[in-house]
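This report refers to the structure that appears directly beneath it.
Just so you know, all these numbers are worked out from the coordinates, no wet-lab data involved. Predicted, not measured: the structure shown is a model, and the values here were computed from it. Neighbour counts are summed over all protein chains in view; Cβ atoms, including those assigned to glycine, are modelled from backbone coordinates with ideal geometry.
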Amino acid sequence: MKSIIDTLLVIQKVVEQFNKEAQNKAVVALIGGHAAIYFGAARTTLDVDLCLHFSDNEPGRLFHRFLKKVLSKRFTLRFFRGSKDPSDPLGHDLIVIHDAKYEFPKIDILIARYKWELSGLEKAHLSKGLSFPVMPIPYLIMMKLMAGGRKDELDILDMVKGISKEDLQETQTLAKTMGKDKKLRSLLK
């Protein structure tokens, strides 16, 4: 199985090519289990989750078409409209990439749809170890609060152990803005 670094390199190259060809400014960041691990969660994960945004009426469809054009035929792609995927509590459009040779892990690309997600993407910092932007911890915690699964809650508990006061404050402010402050307080007790 290819490493997370190899997988992120494939996506990074595709996003760079998209930005050149489409003359658009797509921003992308690592989210999900690997981002939680980056911030100190003790867990494993078999897929790579990313959040992507660029200005377009249907960014998910457009990026899906672009991926079909530029990715090797070894990759199969599926596009899901957010409103038709009941397992996504946030209603994201989703692109799922599978490797027919099973060398790369499954890649899920969530298309950002909320202003707070875009703020997080704009604040994403380049990770030295991964050479790829990672969603800032307050925004990752918010995504996990919104998802609401037990694994998400355990990730949050692990991540807040090493969180700075500033990041905790930003997390609490963001949770209050999103109406998730009671859930966050309850979880942190």
What pairs from LYS20/LYS161; LYS2/LYS183; LYS69/LYS176; LYS106/LYS161 go past 32 Å between their alpha carbons? LYS20/LYS161; LYS2/LYS183; LYS69/LYS176
From the Cα centre of the stretch 143-189 to that of the stretch 112-130, the distance in Å is 17
Which ³J(HN,Hα) values, rounded to whole Hz and listed in residue order, are derived for the stretch 53-69 from phi using the Karplus coefficients 6.51, -1.76 and 1.60 in 6.51 cos²θ - 1.76 cosθ + 1.60 with θ = phi - 60°, glycine and proline given as x? 8, 7, 7, 5, 5, 9, x, x, 5, 5, 5, 4, 4, 4, 4, 4, 6
Per residue of the stretch 167-179, in order, report the coupling 6.51 cos²θ - 1.76 cosθ + 1.60 (Karplus, θ = phi - 60°) as ³J(HN,Hα) in whole Hz, putting x for Gly and Pro. 5, 5, 4, 5, 4, 5, 5, 5, 4, 5, 4, 8, x
Viscosity 1.002 mPa s, temperature 20 °C: give me the Stokes-Einstein translational D for the stretch 75-182 in µm²/s, with Rh taken as the Kirkwood radius over C-alpha pairs. 139
At 20 °C and 1.002 mPa s, grab the translational diffusion coefficient of the chain from Stokes-Einstein with a Kirkwood Rh over Cα pairs, rounded to a whole number in µm² per second. 126
Order of ILE156, ILE11 under a 10 Å beta carbon neighbour criterion, fewest first: ILE11, ILE156
The long-range amide H neighbours of ASP93, using H built 1.01 Å from N in the peptide plane and a cut-off of under 5 Å, are GLY82, ILE111
In nm, to one decimal, how far is the modelled label at ARG113 from the one at LEU168, with both set 7 Å along Cα→Cβ? 3.4
Please compute P(r) over all alpha-carbon pairs of the stretch 1-91, binned at 10 Å starting from zero, and give each bin as a whole-number percent. 13, 44, 36, 7
In whole Hz and in residue order, list the ³J(HN,Hα) couplings for the stretch 141-157 that follow from phi through the Karplus curve 6.51 cos²θ - 1.76 cosθ + 1.60, θ = phi - 60°; x for Gly and Pro. 4, 4, 4, 6, 4, 5, 5, x, x, 4, 4, 5, 5, 5, 4, 4, 4
Bridge type composition, the chain - antiparallel percent by DSSP, nearest 5: 75
